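Heads up, the thing below is written out as structure tokens.
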Amino acid sequence: MTTPSSESFESLLISQSLALSRSRPVHFEDTFSAVGKQVLDWFNLDRLTLFPNSMLVLNHDRTMTVSKTPELTLDKALFASSSYSKYMDLLKSKATWQSFDHNTLKTTDIAVLNTLYAEGGRWHGIIRLELFRVIWRGMGGNGIYSIRKTSQWVNRSRL
């Protein structure tokens, strides 16, 4: 795969789709990590997490996450004490995507978003992933340490 800066978004999307679909199941997590790092670079994000739309599956640690640097790796234990129910309810919104700035992360009554703020997050976006009108996962992207321009990530990730 080429670097994200050297190709169009459409080329990036096609190359990533091919990489994921050609990946053997035993190598899927490594392939997802490589593809995810390209997304981080392309959209100037610090961390990307793919999470299930199921509390049961979420509680069985079925998330996939990738970060730019090891110190930004998702600390799942930090979020384990949070109540996920309000966060998961965000996927029920009619909105395809949602964006939370640093003030919202700090003041909301959603514990997961408060934890992101306490961790250093200053922006968080959620994109609802649907297949045949069934919400099956959510994808969250984080801007840590600074406020990010996010509309490009949200609009293109909806493809």
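The values are calculated or read from the model by the stated rules, or taken from the named source; none is laboratory data. All values reported here derive from a predicted model rather than from experimental measurement. Protein only, heavy atoms only, side chains kept; ligands, DNA and RNA dropped before computing areas. Shrake-Rupley method; radii C 1.70, N 1.55, O 1.52, S 1.80 Å.
For the reader, a short list of remarks on this structure follows.
- Any hit, region 99-112, residues being within 13 Å of the chain's Cα centre (by Cα) and either among the polar types (S, T, N, Q) or modelled with pLDDT under 80 (or both): yes
- Counting the residues of region 14-41 that are open to solvent by less than 70 Å² (accessible area, probe 1.4 Å) and either at pLDDT below 85 or among the small types (Gly, Ala, Ser) (or both) gives 7.
- Test for Leu159: is it open to solvent by less than 80 Å² (accessible area, probe 1.4 Å) and either at pLDDT below 85 or assigned to a helix (DSSP H, G or I) (or both): no
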